[in-house]
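Presented below is the structure to which this report refers.
The values are calculated or read from the model by the stated rules, or taken from the named source; none is laboratory data. Everything numeric in this text was worked out from a predicted model, so none of it was measured. Heads up, the Cβs are rebuilt from the backbone with ideal geometry, glycines too, and the neighbour counts pull from every protein chain shown. Protein only, heavy atoms only, side chains kept; ligands, DNA and RNA dropped before computing areas. Shrake-Rupley method; radii C 1.70, N 1.55, O 1.52, S 1.80 Å.
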Amino acid sequence: CVIIKELWERKFPMLIATRGGSKSFSLAVYSMLRALLLPGRKIVVAGASFRQSKLIYEYCTQIWNNAPLLRDAISSYSGHQGPKGGNDSVYMYLGDSKITFIPIGLGETIRGLRANDVVCDEFKSLNQEIFENVIAGFASVESSPQEKVASRLDADFNKILGIEDQTRKDDLSISNQIVIS
């Protein structure tokens, strides 16, 4: 619970633990919680190899297969829910949210993805230049652009009227996030 709470509340959290410290499983749980509790999220889980990102996908699939209440809770959504395989990536759909699991490899085939949350497992195995120029760019999209514009207009209007702004500027529950482990 402490690990999930820390991941949730930080914009750029790092999960550091020993081998067997449940990092990959924790990231699977965290990704699914983020997708469920923040509808419409786009989450990218990246590993240096497809094997690493698929490991987290397999944990998510295992949770999905063993959680009838979870499946029932999102059964009203149209379209395919749960895990779905692909050739170069695999996906999990949870309500309006989508988790995409990708390999990084040399980085030349993964450009163009956009996400609200990026999770990088085995960060030490990633090329730093690829992370900075490609992966970090996945999270450059606003999680809710319309709400951000409306919030800024409200804040500007309140400032003109001399009313103190009551909104939190660092609300991490809806801002984009990059997690590394």
LEU153 paired with LEU36, simple spin-label distance in nm, labels 7 Å along Cα-to-beta-carbon: 3.6
Under 5 Å, built H, 5+ apart or other chain: amide partners of CYS120: ALA46, VAL179, ILE180, SER181
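Please state, to two decimals, what the Cα-based radius of gyration of segment 45-105 comes to when divided by 2.2 N^0.38 Å (N = residues).
Expressed relative to 2.2 N^0.38 Å, the Cα Rg reads 1.14.
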Exceeding the 24 Å Cα-Cα cut-off - candidates LYS84/LYS124; LYS42/LYS84; LYS11/LYS98; LYS98/LYS124; LYS23/LYS54: LYS84/LYS124; LYS98/LYS124
Alpha carbon centroid spacing (whole Å) that separates segment 52-108 from segment 1-27: 19
Per-residue SASA entry for SER49, accessible area with 1.4 Å probe, Å² rounded to 10: 50
In Å², nearest 10: area of GLU58 left accessible to a 1.4 Å probe: 100
Positive minus negative residues near LEU7 (Lys, Arg vs Asp, Glu; Cβ under 15 Å): +2
Per-residue SASA entry for PHE131, accessible area with 1.4 Å probe, Å² rounded to 10: 30
Sequence of VAL29, VAL90 when ordered by accessible area, the most exposed leading, probe 1.4 angstrom: VAL29, VAL90
Rh (Kirkwood; distinct C-alpha pairs) - segment 1-92, Å: 14.3
